[in-house]
Amino acid sequence: MTVPIKLSIFASGNGTNAQQISEYFAGRADVAVDNIVYNRRDAYVATRAKNLGITSQYFNRKDFMESDKVLNFLRNRGVDYVILAGFLLLVPENLLQAFPDRIVNIHPALLPKYGGKGMYGHHVHDAVVANHERETGITIHVVDGRYDCGTTLFQARCEVLPSDTPDDVAAKIHLLEKEHFPKVIDAFIHQKNC
């Protein structure tokens, strides 16, 4: 019997991407979402994890940045890859070293545009609209020690109309995330594990 490749999903908020990824891999023998880690105690992603029957674990900022608590949890669970799905903390060095080139993030813009500290969620969409961009999209990338700077794995684009509000842009981005993020994770994992 094949032992599945285990994923841990890190999230900070609502958890729509975490749920979509979990549902995509549900029932698979080769890849499994083992757990969801979150860093805001009130994050709705914990409820999503419970509804999906997936182990979830809360860690505060200090747990991430000043201890090995998160790393020890991942090691004890036998995690192979970490997926950031709306996770807003910078990944600490101990996790980067433990999972070299095995941490993947999604960003709601076409990096290098609109990346970096503080550029997440509606902050990105507000900036895209304010700057009258004609297109935006998503970037899926490997995580390094800087915000939004790791190797790009995939980008998908969508048009931004002059009449679009930040909410309109967010809706388009959510569709791209839903369509592409789980598939790109799947392809990346299998390419690395050939």
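Every read-out reported here was derived from the displayed coordinates using simple, explicitly stated rules and does not represent laboratory data. This one's a predicted model, so the numbers in the text were calculated from it and none came from an experiment. Neighbour counts are summed over all protein chains in view; Cβ atoms, including those assigned to glycine, are modelled from backbone coordinates with ideal geometry.
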Next on the checklist: Give me a comma-separated list of calculated 3J(HN,Hα) values for segment 119-124, in order, Karplus coefficients 6.51, -1.76, 1.60 applied at θ = phi - 60°, integers in Hz, x for any Gly or Pro.
Outcome noted: 9, 8, x, 5, 4, 5
Checklist entry - Going 7 Å from the Cα of A29 in the Cα-to-Cβ direction, what parts of segment 1-23 have a backbone nitrogen less than 14 Å from that spot? => result 1-5
Item to check | Between segment 26-78 and segment 152-194, the Cα center-to-center distance that results, in Å | outcome: 23 Å
Checklist entry - How do S22, S56, S67 line up, fewest other C-beta atoms within 10 Å first? => result S67, S56, S22
Next on the checklist: As a footprinting exposure proxy, order H125, H132 by other Cβ within 10 Å, with the fewest listed first.
Outcome noted: H132, H125
Next on the checklist: Taking a ≥ b ≥ c as the square roots of the Cα gyration tensor eigenvalues, with a/c under 1.5 meaning rounded and otherwise prolate when a/b beats b/c, else oblate, which class fits segment 53-113?
Outcome noted: prolate
Item to check | Estimated vicinal HN-Hα couplings, Hz - segment 88-102 in sequence order (Karplus 6.51, -1.76, 1.60; Gly, Pro = x) | outcome: 9, 8, 5, 5, x, 4, 5, 6, 4, 6, 6, 10, x, 6, 10
Next on the checklist: Run the simple label-point estimate for S163 and E66 please: 7 Å along Cα→C-beta, distance reported in nm.
Outcome noted: 5.2 nm
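Given that compact globular proteins tend to follow 2.2 N^0.38 Å, what is the ratio of the alpha-carbon Rg of segment 1-100 to that value?
Details: Rg = 12.8 Å, N = 100, 2.2 N^0.38 = 12.7 Å.
For segment 1-100, the normalised Cα radius of gyration comes out at 1.01.
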Checklist entry - If amide H atoms are built 1.01 Å from N in the plane of the peptide, which residues on other chains or at least 5 residues away come under 5 Å of the amide H of T139? => result H107, A109, L111
Next on the checklist: Please list 3J(HN,Hα) in residue order for segment 125-133, calculated via the Karplus relation 6.51 cos²θ - 1.76 cosθ + 1.60 where θ = phi - 60°; whole Hz, with x for glycine and proline.
Outcome noted: 5, 4, 5, 4, 5, 4, 8, 6, 5
Item to check | Principal axis dimensions, largest first and in whole angstrom, of the chain by Cα | outcome: 52, 36, 32
